[in-house]
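Each remark here refers to the structure printed beneath this line.
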Amino acid sequence: MEITVLGSGAWEGIPAPFCRCSVCNLAAKNPISKNNRTRPQLLVENDEGGFFLEVSPDIRTQVTKHSIPPITNFIVSHWHFDHMYGLHELFSWSKRLPEKPTIHCSPGTQEVLEKEFSYLPIITKTIKPFEPFSLFGIIITPIPVYHMRLREEGVAENSLQNSYAYLLEDRNSRVAYLGDYYRIPAPSIEKIRNLDIVIADGTYLLTEEYKGTKLNHLHGKDIIQFTKSLGAKKIYYHSISHLTGKTHEKLQSSLPEGHIATFDGMRLDKKPRIKLR
């Protein structure tokens, strides 16, 4: 199992539109640097095939930039724009794919697909919490999390079926992808302890911006405190925003040992697909 971070940025990407902060200015001046971040998407592959985790609005740019072969399986964590709305691109791709795209998602995401994406030639497979399924020999387990306060805050832990994290397992490694979340229930935590790798949300990583407000994400130092508690060998952060106020290099130097800020094109524990400076 090899994992490539095609998009490492948060909802706005970097540079963010109309932003003149130091991080966005630097990214705009050097469009092939590690400071440039598209919206979140991961490629998971092995010798048998591959699939995407998330469907970034920047999927067209990512696929062409990194020379990705045709992918027909997509796993979505939740239905927010930056994690799923690249699906609209599939309408123009459908004639070039060997088969209809299959979207694996929660019942909550399925509802949105039926309302807003009914015109697409896709197959939807609804997956339920803690019920594993397999793609190309990789076992994938959906893990429910709390992310959308207005929709999920009053929902009992055993009834969560909207936003998912995922545990990925093969013969060699165990990896958790944690999309967006502000709280993870105890039964879900037990599934993601002591893994080889945890890929965690870094939207508000090392920033005090919006401190004290009820966010749909963990915030600031709470992120690192939480990820440390999981006991993973390595922690990688995705969905990194310009709110850190730090370049990629400065952000990385501010993180604890074993905690890694991803960048677009990064292959976890491997050389990048493209040369970045």
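Within the stretch 131-145, residues that are under 17 Å from Ile103 (Cβ atoms) and charged (D, E, K, R) sit with their Cβ atoms under 9 Å from residues that are at pLDDT 95 or above and in a strand (DSSP E or B), at 6+ positions apart or across chains, in these pairs: Glu131/Thr141; Glu131/Pro142. Among the residues of the stretch 27-53, those that are crowded, with 16+ Cβ neighbours inside 10 Å, touching a Gly at 6+ places or on another chain (Cβ under 7 Å) and not aliphatic (A, V, I, L, M) comprise Arg37, Thr38, Arg39, Pro40, Gln41.
The condition (being in a helix (DSSP H, G or I) and modelled with pLDDT under 95) is satisfied by just one residue among Asp269, Asp222: Asp222. Going by the structure shown, is Ser188 surrounded by 14 or more Cβ atoms within 10 Å (Cβ to Cβ), modelled with pLDDT of 95 or more and out of contact with any Lys or Arg (no Cβ under 7 Å at 6 or more places or on another chain)? Spelling it out, Ser188 is indeed surrounded by 14 or more Cβ atoms within 10 Å (Cβ to Cβ), modelled with pLDDT of 95 or more and out of contact with any Lys or Arg (no Cβ under 7 Å at 6 or more places or on another chain). Return the residues of the stretch 221-262 that are crowded, with 22+ Cβ neighbours inside 10 Å and touching a Pro at 6+ places or on another chain (Cβ under 8 Å); say none if nothing qualifies. Selection gives His238, Ser239, His242. Applying the criterion of being among the charged types (D, E, K, R), in contact with a Pro (Cβ under 9 Å, 6 or more places away or on another chain) and part of a helix (DSSP H, G or I) to the residues of the stretch 87-116, the residue that is surrounded by the most Cβ atoms within 10 Å (Cβ to Cβ) is Glu89. For Glu131, the conditions (1) under 23 Å from Arg183 (Cα atoms); (2) part of a strand (DSSP E or B) all hold with the exception of (2).
When only residues in the stretch 51-70 that are in a loop (DSSP other than H, G, I, E, B) and touching a helix residue (DSSP H, G or I) at 6+ places or on another chain (Cβ under 8 Å) count, which is nearest to Asn162 (Cα to Cα)?
Glu54
The values are calculated or read from the model by the stated rules, or taken from the named source; none is laboratory data. Treat the numbers as computed from the prediction; the structure is a model and nothing was measured. Cβ atoms come from the backbone with ideal geometry, glycine included; neighbour counts cover every protein chain shown.
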